[in-house]
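The values are calculated or read from the model by the stated rules, or taken from the named source; none is laboratory data. What you are looking at is a predicted structure, and each value in this text was computed from that prediction instead of being measured. Neighbour counts are summed over all protein chains in view; Cβ atoms, including those assigned to glycine, are modelled from backbone coordinates with ideal geometry. Only protein heavy atoms, including side chains, enter the accessible area calculation; ligands, DNA and RNA are left aside. Shrake-Rupley method; radii C 1.70, N 1.55, O 1.52, S 1.80 Å.
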Number of protein chains: 2
Amino acid sequence: MELWYTEQQTDEVRFSIKVKQHLYTGKSEFQDVDVFESEEFGKFLTLDGLMMVTEKDEFIYHDMITHVAMATNPSIKKVLVIGGGDGGTVRELTRYSHIEKIDMVEIDKLVVDVSREYLPITASKLDDPRVSLYFEDGIRFVADTKEVYDLILVDSTDPIGPGEGLFTTEFYQNCFNILSDNGILVNQSESPYYDQFSHEMKRAHKKIKNIFPISKVYQFHMPTYPSGHWLFGFASKKLDPIKDVDFDKWNALGIKTKYYNPQLHVGCFALPSYVQEMLDNE
Amino acid sequence: MELWYTEQQTDEVRFSIKVKQHLYTGKSEFQDVDVFESEEFGKFLTLDGLMMVTEKDEFIYHDMITHVAMATNPSIKKVLVIGGGDGGTVRELTRYSHIEKIDMVEIDKLVVDVSREYLPITASKLDDPRVSLYFEDGIRFVADTKEVYDLILVDSTDPIGPGEGLFTTEFYQNCFNILSDNGILVNQSESPYYDQFSHEMKRAHKKIKNIFPISKVYQFHMPTYPSGHWLFGFASKKLDPIKDVDFDKWNALGIKTKYYNPQLHVGCFALPSYVQEMLDNE
């Protein structure tokens with residue numbers, strides 16, 4: 001018998017993974033949550049049938065959402081993570097001993113509970129004493145908090161379902177408002193390749209560049225996401241990720257990474273012409 | 001009724017495309033040749049059931065195999081293409097008016113015939129007067145020719161079947177022998193992500209760096225290839241693709257590209273740490 005997980009990545013494209021076992025299936029008030037075990041990718045977590053994280057390549061996503069900003073400003077002390085229920089983003093942040101406070105706001109507690117049980121590889125640092133977990137709506141959190149952050153990482157799903165409000169002007173404006181003067185916002189920015197994703201990429205970038213003085217996009221290879229070509233937005237009040245980065249300082253921290261490195265930090269901002277044009281023309 | 005093309009990318013991974021029509025199926029002495037039509041990717045060509053080229057993203061592969069070398073040495077006059085039966089690599093080369101001679105050696109005439117009929121998007125420049133087509137084995141061609149080339153582009157299939165000999169030390173050594181003093185070799189170098197591909201990537205790199213004084217690897221996003229993370233090798237006798245490139249000269253040519261650009265030229269050599277380590281440890 002063969003068991004295959006098949007993801008409908010677009011109406012016209014499917015990606016399938018041979019699985020050994022369907023380890024968990026559950027449903028929260030927000031979404032379906034499933035965990036599978038496979039030979040190629042190890043365990044992996046899906047939400048509403050869409051791939052979120054695999055043991056094989058989670059390091060790529062979590063390196064890239066975290067270290068680009070952390071190298072750009074090595075003085076970051078207070079960090080807000082929106083989403084990121086699997087814990088991988090928090091795990092990378094906890095490797096910086098100079099970070100004092102990490103608030104993680106995940107709307108769906110079930111994602112965290114399931115990750116703690118099945119994905120210790122990503123969830124293992126959620127109990128770090130600097131981490132506070134808030135199971136609530138990130139949109140409301142950034143509107144209401146009195147806290148000021150040096151870095152906000154938006155580790156969201158696609159802008160459908162619970163992730164939708166995390167792609168609005170109001171949300172980005174509230175992020176701006178609660179960032180310190182050197183503040184940086186990094187947000188999951190979809191993909192340039194298939195229309196349904198590039199549409200969201202363009203909309204998000206347009207909104208952010210109207211709010212933040214510096215707004216760029218950087219790319220990485222994420223094989224288990226549709227097209228494998230994925231993007232994060234980098235927005236900030238003052239700091240430029242190329243001009244202001246201090247690699248000597250970052251290297252001195254001795255943080256060993258499997259995907260990120262200083263050369264790649266610079267290289268990942270060099271986008272293909274068709275992607276740059278889509279962003280510029282918005 | 002729905003018709004789907006499904007590619008077994010690895011034993012554990014399948015990639016499927018909804019197709020409108022199976023336009024062509026044939027068999028040469030070397031391989032199965034098929035053409036499909038799809039909504040998302042337009043027409044696409046497969047060899048032995050493996051994706052070779054789609055109308056949607058062929059520009060990525062053909063930009064990247066061609067322009068990195070052409071920008072590094074704007075004096076290239078004689079070019080040898082090994083493989084590349086769809087014609088897309090030749091098409092990009094013909095855009096340089098200073099190229100005087102393009103020899104293309106494709107072992108399988110059927111691939112060229114089918115591409116001419118179904119993929120004019122890539123095959124349209126095969127009749128350029130500077131182009132000579134040789135339907136023979138590239139391995140033997142580089143061993144026997146008395147010609148000297150400034151650039152060799154190895155636009156091959158995977159090292160299984162007809163492509164196998166294009167990943168041997170003997171082949172790379174013969175390429176070295178027929179290159180001019182400023183000569184450059186660019187070769188299809190597989191992918192770092194799945195073991196079966198990274199195994200070949202490492203082997204090819206190890207062989208090439210034992211022969212060429214300069215040997216680097218650069219990456220790009222190729223969504224229809226396994227993992228979407230694909231590589232070319234850049235090897236040369238003298239010219240470094242970063243230190244010796246002259247973007248002013250390249251820009252002055254006025255060649256408009258959809259994927260390649262000078263920033264990306266530099267950025268694409270910045271590899272993820274795990275890829276760089278795989279290459280360094282060979």
Mind checking which aspartates and glutamates have their Cα closer than 16 Å to the Cα of residue B:237? Skip sequence neighbours fewer than 8 apart in that chain.
B:150, B:181
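May I ask for the equivalent-ellipsoid semi-axes of segment B:3-54, computed as the square root of five times each C-alpha gyration tensor eigenvalue and listed largest first in whole Å? Kindly include the intermediate steps, with their values, before the conclusion.
Details: eigenvalues 55, 49, 13 Å².
Semi-axes (√(5λ), whole Å): 17, 16, 8.
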Output field shielding_mean for B:2-13 (other chain Cβ, 10 Å radius) holds 3
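Using C-alpha positions alone, give me the convex hull volume of segment B:62-165 per residue in cubic angstrom.
On the way: hull volume 10.0 nm³, N = 104.
Measuring per residue, one finds 96 Å³ for the Cα hull of segment B:62-165.
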Rounded to the nearest 100 Å², the accessible area hidden between A and B, summed over both chains at a 1.4 Å probe radius, is 3500 Å²
Any chance you could look up the accessible area of residue A:199 with a 1.4 Å probe, heavy atoms only, rounded to 10 Å²?
100 Å²
Bin all alpha-carbon pair distances of the protein assembly as shown at 10 Å intervals from 0 and give each bin's fraction as a whole percent.
3, 18, 27, 25, 16, 8, 2, 0
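Can you give me the Rg/Rh ratio for segment B:58-280, using Cα atoms for both radii and the Kirkwood formula for Rh?
Working: Rg = 15.9 Å, Rh = 17.3 Å.
Rounded to two decimals, Rg over Rh is 0.92.
Counting other Cβ atoms within 10 Å, which GluC sites (Glu not before Pro) in segment A:1-44 have at most 11 and lie in a DSSP loop?
On the way: sites: A:2, A:7, A:12, A:29, A:37, A:39, A:40; in loops: A:2, A:12, A:29, A:39, A:40.
For GluC sites (Glu not before Pro) across segment A:1-44 that sit outside H, G, I, E and B with at most 11 neighbouring Cβ atoms in 10 Å, the list reads A:2, A:29.
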Across A:193-199, the residue-averaged tally of Cβ atoms belonging to other chains within 10 Å stands at 2
Candidates A:89, A:169, A:122; GNM for chain A (alpha-carbon contacts under 10 Å) flags as most fluctuating A:169
For segment B:156-282, what is the convex hull volume of its Cα atoms per residue in Å³?
123 Å³
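Using 30 Å as the Cα-Cα cut-off, could you pick out the over-long pairs in A:243/B:207; A:146/A:207; A:206/B:256; A:238/B:249; B:101/B:209; A:207/B:258?
Working: A:243/B:207 38 Å; A:146/A:207 23 Å; A:206/B:256 25 Å; A:238/B:249 34 Å; B:101/B:209 27 Å; A:207/B:258 25 Å.
In this structure, A:243/B:207; A:238/B:249 exceed 30 Å between Cα atoms.
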May I ask for the angle, rounded to the nearest 10°, between helix A:109-118 and the longest principal axis of chain A, with both axes built from Cα atoms and the value confined to 0 to 90°?
70 degrees
What distance in nm separates the two pseudo spin-label positions at residue B:135 and residue B:39, each 7 Å out from Cα along the beta-carbon direction?
3.7 nm
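With a 1.4 Å probe and every protein chain left in place, work out the accessible area per residue of segment A:1-93 in Å², rounded to a whole number.
Values: 3020 Å² over 93 residues.
Counting only protein heavy atoms, the per-residue value for segment A:1-93 is 33 Å².
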³J(HN,Hα) across segment B:58-67 via Karplus (A = 6.51, B = -1.76, C = 1.60, θ = phi - 60°), whole Hz, x for Gly/Pro?
4, 4, 5, 4, 6, 4, 6, 6, 9, 6
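What's the FRET efficiency of residue B:277 with residue B:7 using the Cβ-Cβ distance as r and R₀ = 30 Å, to the nearest 0.05? Mind showing how you got there, number by number?
Details: r = 29 Å, r/R0 = 0.96.
So the FRET efficiency works out to roughly 0.55.
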Mind checking A:218-231 for the average number of partner chain beta-carbons within 10 Å of each residue's beta-carbon?
5
Going residue by residue through segment A:212-229, the Karplus relation 6.51 cos²θ - 1.76 cosθ + 1.60 with θ = phi - 60° gives ³J(HN,Hα) values, rounded to whole Hz and with x marking Gly or Pro, of 9, x, 10, 9, 10, 10, 10, 10, 7, 9, 10, x, 8, 9, x, 6, x, 10
